[in-house]
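Just so you know, all these numbers are worked out from the coordinates, no wet-lab data involved. Just so it is clear, the model here is predicted, and its values are computed rather than measured. Here Cβ is always computed from backbone atoms with ideal geometry, including for glycine, and neighbour counts include all displayed protein chains.
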Amino acid sequence: MKLAVTAPDRLAVRTVPVPDPGDLIARLPHPTAMAWIRHGDGIVGWGEAARIPVPPGDDRFTTAAGRLADLFAAADIDDPVALPGTGPVAFGAFTFDPASPGSALIVPRRVLGRRDGRAWLTSIGAPDTPPEPHRPPAARTGRRGTGGALTPDDWKHAVATAVTRIRRGHLGKAVLARDLHAHAPEPIDARVLLRRLADRFPGCYTFSCDGMVGATPELLIRRAGGDIESLVLAGTTPRADDPAEDAARAARLAASPKDREEHRYAADMVRDALAPLCSSLHVPAEPELLRLPNLLHLASPIRGRLTGDRSVLDVVAALHPTPAVCGTPTGTAMRLIRELEGMDRGRYAGPVGWVDARGDGEWGIALRCAQLDGPRARLFAGCGIVADSDPAAELAEAGHKFGAMRHALHG
Ligand SMILES: C=C(O[C@@H]1C=C(C(=O)O)C=C[C@H]1O)C(=O)O
């Protein structure tokens, strides 16, 4: 199938160093914002120089990478800064399920970035293009919430069905998610959500691409030169206000056989998927604790050195979907998700991030997020289910995970 790439024949790309731009989110001129920010650093983009819609299929990451490589190879690039994220960049959001439509790469007309004290602006198009007028963000983002595909009771029933299948030996783990809807009185401005998410979750990756907005703690893969990093998460408990209770919950999570099993499926798969691509790979023997403002997770930071000339999208192709968001074995878990969730996840739990012309980039798993559509937002949250999972506890855990986007929508 031929992809309809919307782009001029030849992109004219120029990156220049700029003085520290300050708050990157505040520099976004209009609501259709692209962003990837952590601890204030990262890149924001606006305007569309090119859009590559990616058709469904198991090969969608390599198809997308190929089309983008053609586009960037034909581009006229002036990039004296030469850091990951300089020169032309594509933001992207891919669907979780390879059979679902909706994956896309977008090359913004402007990208403003900062990393390790160096800042740059990349422009695509004629240098005399008038600057974008700055439209102040609309403040009203969300009020009314309604249910999603399954009622809480039906979702607990789905979890119980998954537990039965797991106990019968059909699979080891499945991740089941639910959705919720929110409605605002006017179109929701992604910049307002980005601001609230980045302020509350500075250590997460606050992202926005094509209406998919969130703050994910889970790094699927970062490539900078030949070095790669991943942060595998699975195993969760809510934080407590009381420090003694918080410490007790952390200790229980670290020792919980159920959470450690959930985690092991995910960390093992990421290790096995990366090992053939790497000359060296470091996977910690034991997970550590990641402390978010609202949740604690078991976390495995993984580092490696790539062999060969692989784009970050080639590595995404090898990793997605990990058992952190799908299950083990992958195919059985994917079929169970389709059978039990009663919805299409869209881009929730899919890879979201950016890639540059060198093949460097950062991709997270789209969690703690919502898909915006004018005044509507669709929120998602899911939980890893293993043989010992309790449906009521999983429903409560999903509720805590919705908290990030509820906060972003309601302030
Ligand atoms: C599926 C989600 O999160 C994933 C599932 C986790 C778990 O089940 O413990 C933890 C982190 C993520 O890998 C989500 O936030 O929607």
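General observations
- Residue within the range 312-331 that is out of contact with any Leu (no Cβ under 7 Å at 6 or more places or on another chain), within 11 Å of the ligand (Cβ to nearest atom) and closer than 26 Å to residue 145 by Cβ present: yes
- Considering (1) buried (at least 22 other Cβ atoms within 10 Å of the Cβ); (2) away from the ligand (no atom under 14 Å from the Cβ), the lone condition that residue 271 does not fulfil carries the number (1).
- If you go through the range 163-203 and keep only what is in contact with a Gly (Cβ under 9 Å, 6 or more places away or on another chain) and of a type in the set (Gly, Ala, Ser), you end up with 172, 174, 177, 182, 184, 190, 198.
- Selection status of residue 383, in contact with a strand residue (DSSP E or B) (Cβ under 7 Å, 6 or more places away or on another chain), within 30 Å of residue 15 (Cβ to Cβ) and buried (at least 23 other Cβ atoms within 10 Å of the Cβ): no
- Restricting attention to the range 244-268, the residues that are within 16 Å of the ligand (Cβ to nearest atom), exposed (fewer than 12 other Cβ atoms within 10 Å of the Cβ) and hydrophobic (A, V, I, L, M, F, W, C) total 1.
- Cβ pairs under 6 Å, 6+ apart, first in the range 231-243 and within 8 Å of the ligand (Cβ to nearest atom), second assigned to a strand (DSSP E or B): 232/300; 233/297; 233/299; 234/384; 235/298; 236/295; 236/297
- Each residue in the range 157-202 was checked for being touching a strand residue (DSSP E or B) at 6+ places or on another chain (Cβ under 7 Å) and either hydroxyl-bearing (Ser, Thr, Tyr) or not in a helix (DSSP H, G or I) (or both), and 15 pass.
- The set of residues from the range 323-338 being under 21 Å from the mean Cα position of the chain (by Cα), more than 14 Å from residue 58 (Cα to Cα) and surrounded by 18 or more Cβ atoms within 10 Å (Cβ to Cβ) comprises 323, 324, 325, 326, 327, 328, 333, 337.
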